[in-house]
Amino acid sequence: MTYLGYGLAQGEGFIVVTGEVGTGKTMLVGRLMATIDRSRLTAINLVSTQLEGEDILRIVALSLGVASDGAAKGQLLARIERFLHEQARGGKRTLLIVDEAQNLPMSALEELRMLSNFQFGGQALLQIFLLGQPEFRDALAQPRFEQLRQRVIATHHLTAMSLEETGPYVMHRL
């Protein structure tokens with residue numbers, strides 16, 4: 001949790017969290033989101049990740065409340081950027097959380113990388129958390145994702161709890 005908080009405090013780039021199914025990636029980010037000041041951060045969560053590039057832009061726009069009906073890709077990007085600028089001028093940051101990132105095709109990852117280019121006064125307008133299974137970490141290691149990897153400011157791989165950790169966790173939950 002501390003690691004994610006550090007990444008969030010940086011206010012830019014990509015944070016990548018991987019782990020096997022059931023290790024708590026989504027829960028961990030959910031707990032972090034419960035601690036944030038919503039008056040200073042707009043957070044949106046995408047779980048429909050089997051989308052191509054332009055489709056992911058439309059889902060991001062829809063999640064932000066930005067009109068996307070019939071807009072060409074260039075118009076859509078301009079509308080999203082305008083929204084992000086308005087947020088920044090109002091003192092708010094924007095965080096995009098993408099769950100099941102291992103399902104994203106390269107075109108969608110490239111569009112997310114392009115969204116991370118938007119800046120205001122030298123500050124990134126959008127920070128992105130990518131949550132995925134271990135194969136996502138392996139995919140990111142491929143040369144074709146070099147430009148995206150350069151934007152990753154923090155990564156963490158969750159592992160299953162050990163036997164020694166399970167007992168105290170269960171007692172805490174009771």
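Results, tabulated for the structure shown:
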| quantity | calculated |
| --- | --- |
| Residue within segment 106-116 that is more than 15 Å from the chain's Cα centre (by Cα), modelled with pLDDT under 90 and not charged (D, E, K, R) present | no |
| Any chance residue 17 is in contact with a strand residue (DSSP E or B) (Cβ under 6 Å, 6 or more places away or on another chain) and within 17 Å of residue 102 (Cβ to Cβ) | yes |
| Residue satisfying condition, being surrounded by fewer than 13 Cβ atoms within 10 Å (Cβ to Cβ), part of a helix (DSSP H, G or I) and touching a residue at least 12 places away in the same chain (Cβ under 8 Å), within set 58, 31 | 31 |
| Per-region count, segment 1-28, residues touching a helix residue (DSSP H, G or I) at 6+ places or on another chain (Cβ under 8 Å), assigned to a helix (DSSP H, G or I) and not hydrophobic (A, V, I, L, M, F, W, C) | 1 |
| Every pair of residues 6+ apart whose Cβ atoms lie under 8 Å, when the first sits in segment 114-125 and is within 15 Å of residue 83 (Cα to Cα) while the second is among the basic types (Lys, Arg) and part of a loop (DSSP other than H, G, I, E, B) | 116/151 |
| Enumeration of residues in segment 83-131 that are over 15 Å from residue 50 (Cα atoms) and of a type in the set (Asp, Glu) | 86 |
| Filtered residue count, segment 10-26, keeping only those that are of a type outside the set (S, T, N, Q) and over 14 Å from the mean Cα position of the chain (by Cα) | 5 |
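Residues checked against (1) touching a strand residue (DSSP E or B) at 6+ places or on another chain (Cβ under 8 Å); (2) over 22 Å from residue 15 (Cβ atoms); (3) of a type outside the set (S, T, N, Q); (4) free of Cβ contacts under 8 Å to residues at least 60 places away in the same chain:
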site	(1), (2), (3), (4)
46	yes, no, yes, yes
52	no, yes, yes, yes
69	no, yes, yes, yes
75	no, yes, no, yes
79	no, yes, yes, yes
86	no, yes, yes, yes
90	no, yes, yes, yes
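The values are calculated or read from the model by the stated rules, or taken from the named source; none is laboratory data. All values reported here derive from a predicted model rather than from experimental measurement. Please note: Cβ atoms are built from the backbone with ideal geometry, for glycine as well, and neighbour counts cover all protein chains shown.
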